[in-house]
1. Inspect the stretch 154-164 for any residue being out of contact with any helix residue (DSSP H, G or I) (no Cβ under 8 Å at 6 or more places or on another chain), assigned to a strand (DSSP E or B) and either surrounded by fewer than 18 Cβ atoms within 10 Å (Cβ to Cβ) or on the phi < 0 side of the Ramachandran plot (or both) and give the result as yes or no.
2. Residue 7 passes all but one of (1) modelled with pLDDT of 95 or more; (2) more than 26 Å from residue 176 (Cβ to Cβ); which number fails?
3. Hey, any hits in the stretch 36-53 for a residue that's over 28 Å from residue 194 (Cβ atoms), at pLDDT 90 or above and touching a strand residue (DSSP E or B) at 6+ places or on another chain (Cβ under 8 Å)?
4. Out of the residues in the stretch 193-210 meeting the condition of being under 16 Å from residue 144 (Cα atoms) and at pLDDT 80 or above, tell me which one is farthest from the chain's Cα centre (by Cα).
5. Looking at residue 81, is it assigned to a helix (DSSP H, G or I), modelled with pLDDT of 95 or more, closer than 17 Å to residue 117 by Cβ and under 12 Å from the mean Cα position of the chain (by Cα)?
6. Just need a number here: residues in the stretch 186-203 that are touching a strand residue (DSSP E or B) at 6+ places or on another chain (Cβ under 7 Å) and assigned to a strand (DSSP E or B).
7. Tell me, which residue of the stretch 135-145 that is in a loop (DSSP other than H, G, I, E, B) and in contact with a strand residue (DSSP E or B) (Cβ under 8 Å, 6 or more places away or on another chain) is surrounded by the most Cβ atoms within 10 Å (Cβ to Cβ)?
């Protein structure tokens, strides 16, 4: 359930009052803690049922130990997906979004939850994050999870980023989690698993290296 709230925040030294939406962390050590969500038609927060499905599959199908993975929340919005990973003991999450409004929300949520030490926040398009930064981020881990939920007009970036991450040396197991309203599956990924929630689909695409 999302609720609109009036939330004051700081912008260039001034306190501004805006209409925001409020969400929550659904499980883990931060369970039930509140999140501020961007109020923008261009940013769609993942529903609680989608978040629950994503992490149930990662936990039960892939048997992931979240303390041992590198996690990317790309087109991060409020950062809710990456924060769910941290709540499950992930210690290395990269949040990427080019929206100033989204980055404000991510910083607000991370600061208020006290999880800055586990977070890397990048304000910019994922294309602007160089390959060296991505590979260095994942160096300590054998498994990387990349969550992709781009805005409607940027769906082509799904295949582009899957192709890019696949060619990088970012672990023995790379799992792409794609939330989308279509079920077009990139042919470049060997393994796939799909869950549908109404008009929304969550695709798990993965490959092994070495």
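1. No, because not a single residue in the stretch 154-164 is out of contact with any helix residue (DSSP H, G or I) (no Cβ under 8 Å at 6 or more places or on another chain), assigned to a strand (DSSP E or B) and either surrounded by fewer than 18 Cβ atoms within 10 Å (Cβ to Cβ) or on the phi < 0 side of the Ramachandran plot (or both).
2. (1)
3. yes
4. Kept after step one, since they are under 16 Å from residue 144 (Cα atoms), are these residues of the stretch 193-210: 203-210.
If we keep only those that are at pLDDT 80 or above too, we end up with 203-208.
Values: 203: 14, 204: 14, 205: 15, 206: 16, 207: 19, 208: 21 Å.
Once the filter is applied, the top-ranked residue is 208.
5. On the way: assigned to a helix (DSSP H, G or I): yes; modelled with pLDDT of 95 or more: yes; closer than 17 Å to residue 117 by Cβ: no; under 12 Å from the mean Cα position of the chain (by Cα): yes.
The answer is no for residue 81.
6. Looking only at that region, the number is 9.
7. Residues of the stretch 135-145 in a loop (DSSP other than H, G, I, E, B): 139-142.
Keeping just the survivors that are in contact with a strand residue (DSSP E or B) (Cβ under 8 Å, 6 or more places away or on another chain) gives 140-142.
Values: 140: 12, 141: 20, 142: 14.
For the stretch 135-145, the residue satisfying everything is 141.
Here is a yes/no grid of residues against (1) out of contact with any helix residue (DSSP H, G or I) (no Cβ under 8 Å at 6 or more places or on another chain); (2) farther than 28 Å from residue 33 by Cα:
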| position | (1), (2) |
| --- | --- |
| 108 | yes, no |
| 140 | yes, yes |
| 171 | no, yes |
| 194 | yes, yes |
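The values are calculated or read from the model by the stated rules, or taken from the named source; none is laboratory data. Fair warning: this is a prediction, and the values are worked out from it, not measured in the lab. As a convention, Cβ positions derive from the backbone with ideal geometry for all residues, glycine included, and neighbour counts pool all protein chains shown.
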